[in-house]
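Since every read-out is calculated from the coordinates, none of them should be taken as a lab result. Fair warning: this is a prediction, and the values are worked out from it, not measured in the lab. FYI the Cβ positions are ideal-geometry reconstructions off the backbone, even for glycines, and counts take in every protein chain you see.
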C-alpha cells in the first residue's frame with residue numbers, strides 16, 4: 001500500500017532552512033540546509049535554490065520511501081513496483097547520497113550515531129549538506145544540533161545550541177511533554193542522547 005508523503009496543495013520543501021540564514025556565530029560555516037521530504041520535481045528546484053557546486057544529500061528516514069510517478073511515497077510490506085529510490089534520484093543529478101536511518105521521534109541508534117559523527121567530522125569543508133526526514137523537524141533538527149555541537153561546543157553551551165536550532169526553524173528538542181503523551185519517552189531519549197554527545201565533547 002502506497003501512502004503519499006506530501007500534500008499536493010502545499011510545498012513539499014516544508015520546514016526548509018539553512019544555517020546561512022540566521023545571525024548566530026558559527027552556523028554559517030556549517031554549510032547545512034534541511035527540509036521535509038520533497039517531490040521528485042522539487043529536487044531539481046532544491047539544487048537550483050542552494051546553488052552550490054558540491055551538494056551531498058543526507059537521508060535520515062528509516063521508513064521505506066521513494067518516488068512513484070514523481071510523487072514522494074512510503075509503503076508498508078514488500079517494496080512496490082515502479083518505485084524510484086531516493087539514491088537513484090540523487091544519482092540522476094550527480095549528487096552523492098548518504099543514508100542514516102533513524103526512527104521517527106527517537107535518537108539514532110549507537111551504531112548510526114557513530115556513523116553520523118564520523119561523517120560530519122570527515123566531510124570536506126567545501127561540501128554543502130542537505131538533510132531531510134519526513135517532516136523536516138525532529139530528525140533533521142537532531143542532525144543539525146549534532147553538527148552544531150561538533151563544530152561549536154567550545155563557544156556555545158548545550159542549551160544555547162538547542163535553542164538556536166529551534167529559532168532557525170527546527171523542532172524544540174528540549175520541549176517537555178506531559179505524562180502519557182505518546183512522544184514523551186522518545187523525546188527524553190533523544191534529548192539524553194544529545195546531552196551525552198555534548199558532554200563528551202566538552
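Would you confirm whether or not region 149-159 contains a residue that is within 17 Å of the chain's Cα centre (by Cα), under 22 Å from residue 42 (Cα atoms) and surrounded by fewer than 18 Cβ atoms within 10 Å (Cβ to Cβ)?
Looking for residues that are within 17 Å of the chain's Cα centre (by Cα), under 22 Å from residue 42 (Cα atoms) and surrounded by fewer than 18 Cβ atoms within 10 Å (Cβ to Cβ), one finds none in region 149-159, hence no.
Read through the list (1) out of contact with any helix residue (DSSP H, G or I) (no Cβ under 9 Å at 6 or more places or on another chain); (2) within 30 Å of residue 184 (Cα to Cα); (3) surrounded by 15 or more Cβ atoms within 10 Å (Cβ to Cβ), then give the number of the only condition that residue 34 fails.
Unmet condition: (1).
So residue 125 ticks every box in (1) surrounded by fewer than 16 Cβ atoms within 10 Å (Cβ to Cβ); (2) in contact with a helix residue (DSSP H, G or I) (Cβ under 7 Å, 6 or more places away or on another chain) but one. Which box is left unticked?
For residue 125, the exception is condition (2).
Could you tell me how many of the residues in region 14-30 are in contact with a helix residue (DSSP H, G or I) (Cβ under 9 Å, 6 or more places away or on another chain), under 18 Å from residue 56 (Cβ atoms) and either surrounded by fewer than 18 Cβ atoms within 10 Å (Cβ to Cβ) or free of Cβ contacts under 8 Å to residues at least 60 places away in the same chain (or both)?
2
Just checking: which of the helices (runs of 4 or more DSSP H) contained wholly in region 31-126 hold 3 or more residues that are within 19 Å of residue 6 (Cα to Cα), touching a strand residue (DSSP E or B) at 6+ places or on another chain (Cβ under 9 Å) and touching a residue at least 12 places away in the same chain (Cβ under 8 Å)?
40-50, 86-92
Of the residues 131, 145, only one is under 25 Å from residue 41 (Cβ atoms) and buried (at least 19 other Cβ atoms within 10 Å of the Cβ); which?
131
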